[in-house]
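The values are calculated or read from the model by the stated rules, or taken from the named source; none is laboratory data. Fair warning: this is a prediction, and the values are worked out from it, not measured in the lab. Cβ placement follows ideal geometry from the backbone for every residue including glycine, while neighbour counts extend to all protein chains displayed.
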Amino acid sequence: MNATTANPGPGTPAADSPSANFSSLPLAPHTLQNLARLGYSSMTPIQAASLPLALAGHDLIAQAKTGSGKTAAFALALLANLNVRRFAVQALVLCPTRELAEQVTQELRRLAAAEDNVKVLTLCGGSPIAPQSLSLEHGAHIVVGTPGRLMDHLERGSLQLDALNTLVLDEADRMLDMGFFDDIATVARQCPKQRQTLLFSATYPDGITKLAAAFMREPKEVKLLAAHTSSKIRQRFYEVTEAQRLHTVGLLLAHYRPVSTLAFCNTKQQCRDLVAVLQAEGYAALELHGDLDQRDRDQVLVRFANRSTSVLVATDIAARGLDITQLEAVINVDITPDADTHIHRIGRTGRADEEGWAFSLASVDEMGPVGRIEQAGHFVSDWQPLASLTPASKAPLLPPMQTIQILGGRKEKIRPGDVLGALTKDLGFVGAQIGKINVNEFSTYVAVAREIAPAVLHKLSTAKVKGKTVKVRLL
Ligand code: ADP
Ligand code: MG
């Protein structure tokens, strides 16, 4: 395998090098125009390193951290292989979860907007299978899905792969974590031998080499070296005893007052305990864990991303692949034994041009791992005394928004514009007081400024959305 290693900072466009320009790639003019329209002015480092190889037709293993723009790296390659006039599945993207599959589908649709009528279909468990089969009959160019459901369709014969030219394994490390190796193998065996295979991953566990050996042909390797911690992320360490650890999270929140915080624990039990402690202290905290069903998981993510929950508590596995753009702080409630994992955790804050805080709580027993993290990140820890954590205000830390759930979603053909229209035109609320509107299959979630939430709830319950009265509740 040939290895190419690039080493710019994580997620930052490699704007200083001329080859970071999308126009240096063999892309059609309308694709370049579309990228400009999307505000993609230059390639991210992983795109600059992988796209020339992928567009030249090579199999590729690409590793870079979450949020570095891997989706567009494989999307532009598979779109370049696509013949829109051929009504058959030509590209298949395997993802570990439905939520990630939906994110990929959205990004693919945005990137395919330059081309007429590219049909992208999501096939995941948790939705009825018959309507999916029907959509497949109507034809799709690109299918994005989870391994289990794709196998179901292959067994039923509703999905045919003989016209496939690109197979993508996205978040391959996470799929391996979830035990999908055999399912991936089953799907890959049904793809034509003559094809391009692209594998994307945030980390590089042993299983990746096994996957590559089984399904790829002389893959090129592109790795972005573990990011040196960016200067936009300010790290602080606090020494705690086990008895102090969970309570210290509340002290950090009261002192720094971050609007959105992602708190990492090493075990599910620790996550549960922390949420209980934070809720008892009056913080809006929710846990993201693998045992939630899809609907509850979606709801937790929506409530965090729309800024109506202050703290999301998760293990590394549960948080993988999350793309949350506005995150003021990351808290390492437990120190991870793996230095790369620490760098991934804190790299989720300080995105774009924002500054971010990364706090780590370490007991005496965790000083070994802290030392390894310092070495890997080339920094010296900034230790602060616990006594410095004094509340910045008497007022409790409340999220700026509250979420109102409308019982009705895509199934009822509700669109964000319908809800915004009802709130602003019909009910007289100001657009600036309304935050994210997420329309899911059966529910719509509207974030509104905390001050107006009771009034919105009251008025919406008697108003009409899409000409119908709707059931609403405050979460
Ligand atoms: P990853 O798969 O590596 O976690 P994503 O593909 O989800 O990352 O991309 C993260 C975010 O960056 C997305 O919101 C995406 O729209 C945006 N993005 C990707 N490429 C570019 C680019 N070249 N310029 C600006 N934004 C980009
Ligand atoms: Mg991704």
Counted residues in segment 320-334 being in contact with a Ser or Thr (Cβ under 9 Å, 6 or more places away or on another chain) and either within 14 Å of K65 (Cα to Cα) or free of Cβ contacts under 8 Å to residues at least 40 places away in the same chain (or both) come to 5
If you go through segment 261-306 one residue at a time, how many are surrounded by fewer than 16 Cβ atoms within 10 Å (Cβ to Cβ) and touching an Asp or Glu at 6+ places or on another chain (Cβ under 7 Å)? 1
Quick one: in segment 393-441, of everything that is in a helix (DSSP H, G or I) and of a type in the set (G, A, S), which residue is nearest to the chain's Cα centre (by Cα)? G417
Out of the residues in segment 383-392 that are touching a strand residue (DSSP E or B) at 6+ places or on another chain (Cβ under 9 Å) and assigned to a loop (DSSP other than H, G, I, E, B), which is surrounded by the most Cβ atoms within 10 Å (Cβ to Cβ)? L389
Please pick out the residue among D116, D152, D177, D182 that is touching a residue at least 60 places away in the same chain (Cβ under 8 Å) and not basic (K, R). D177
Starting from residues that are within 21 Å of the chain's Cα centre (by Cα) and part of a loop (DSSP other than H, G, I, E, B), keep the ones in segment 189-206 and report whichever is nearest to ligand 1 (Cβ to nearest atom). A202
Residue among T209, T186 that is more than 30 Å from R348 (Cα to Cα), at pLDDT below 95, away from ligand 1 (no atom under 16 Å from the Cβ) and not acidic (D, E): T186
For A14, which of the numbered conditions (1) buried (at least 20 other Cβ atoms within 10 Å of the Cβ); (2) more than 13 Å from ligand 1 (Cβ to nearest atom); (3) modelled with pLDDT under 95; (4) aliphatic (A, V, I, L, M) fails to hold? (2)
Of the conditions (1) within 16 Å of ligand 2 (Cβ to nearest atom); (2) surrounded by fewer than 21 Cβ atoms within 10 Å (Cβ to Cβ); (3) of a type in the set (A, V, I, L, M, F, W, C), the single one that L198 does not satisfy is (2)
